[in-house]
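Here the structure comes first, spelled out in C-alpha cells, and everything after it is commentary.
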Amino acid sequence: MEELHKNSENRTMRFKHDTLTVQCIYPKASKPIIDEIDRVLAKHYGFTDEELDFIINYDIKYRMGQSAGEDEE
C-alpha cells in the first residue's frame with residue numbers, strides 16, 4: 001500500500017460551488033513489488049510456475065493496460 005500511495009497523485013477538480021480532490025493510483029509504477037507479492041503468495045499456495053506466469057501475464061494484459069507482447073515504457 002505504501003508503494004501504491006507513493007506512486008499516486010491527488011487531482012483537484014473545481015466546480016462552481018465546490019471542489020473535489022481524488023487520489024489517482026498508477027499500479028503500473030508499482031509492478032515490481034506487485035510481482036514479488038504474487039511470487040510469495042504463489043509459493044505459499046503451491047502454485048506451479050505456469051500458474052504464476054499466468055497470474056503475472058494476466059496482470060500485465062488486463063490490469064496494466066498493455067496488449068500481449070507490447071513492450072513496457
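Laboratory data are not the source of any read-out in this text; all were calculated from the coordinates shown. None of these values were measured; they are calculated from a predicted model.
In order along the range 2-18, the phi-based Karplus estimate (6.51 cos²θ - 1.76 cosθ + 1.60, θ = phi - 60°) of 3J(HN,Hα) comes to 4, 5, 4, 5, 4, 9, 10, 9, 8, 10, 10, 10, 9, 10, 3, 10, 6 Hz; Gly and Pro are listed as x. Computed with the Debye formula from one identical point scatterer per Cα of the range 2-63, without solvent, the log10 of I(q)/I(0) at q = 0.19 Å⁻¹ comes to -0.76.
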